[in-house]
Every structure is written in structure tokens, then in C-alpha cells.
Amino acid sequence: MKKIAVIVLVIIALIAGFYLWPNQPKTAQTKEEAIRQAQDYQPDGSCTDALVPAIHKATGAEYTFSNGCLAQGWEPRW
């Protein structure tokens, strides 16, 4: 009887893990690290000269870029 209970608990834990795993963030990046990434970003090529408010998709951090080229992981917030 104890073996069956342990097996059932293991199965429940595995199922819960499979449901929760995809909801975990892809990166352990913090908002502070995302802001630092945005501040250090040096775009390649020509970019428009315009202030572009943006949000980091994974962390929710907000930053205003000084041009139209955004660092990876950032999207414009219009």
C-alpha cells in the first residue's frame, strides 16, 4: 500500500512539473540587468534619432532608448 502511495505522489509531482515548467521565465535576468543591458547597448548601423520608450519582454523593465535601435529582448512601448 505504501509503494502505491509513493508512486501516485511521484506521478502527481511529475505532472505538476510538466504543467509549471513552461511558465518559468526563459532567462533569470533581473530588471536591473535588463536596464544595464539597455544602457550598454551599442547598435550596429544607422538608427533614427528619436527617443523610444521600450519595455523588456521578459522582466517588464522600462527604459527610453535615445534612438530607434533597441537591444535584444526589448520592444517599443507606444
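Throughout, read-outs are computed from the coordinates displayed, never taken from laboratory work. Model, not experiment: these values are computed from the prediction. No Cβ is skipped: glycine too gets one built from the backbone with ideal geometry, and neighbour counts run over all protein chains shown.
A few points about this structure:
- Shown for TYR19, TYR41: other C-beta atoms within 10 Å of each C-beta, ranked fewest to most, produce the order TYR19, TYR41.
- Computed with the Debye formula from one identical point scatterer per Cα of the chain, without solvent, the log10 of I(q)/I(0) at q = 0.26 Å⁻¹ comes to -1.15.
- Other-chain or far-sequence residues with amide H under 5 Å of ALA54's (modelled H): TYR63, THR64, PHE65, ARG77
- Applying the Karplus relation 6.51 cos²θ - 1.76 cosθ + 1.60 with θ = phi - 60° to the range 52-61 yields 3J(HN,Hα) values of 10, x, 9, 10, 7, 4, 7, 10, x, 5 Hz, where x marks Gly and Pro.
- 5 angstrom amide H check on ALA71, placed H, neighbours 5+ away: none
- For the range 38-46, 3J(HN,Hα) computed residue by residue from phi via the Karplus equation (6.51, -1.76, 1.60; θ = phi - 60°) reads 5, 5, 8, 5, 10, x, 9, x, 8 Hz, glycine and proline entered as x.
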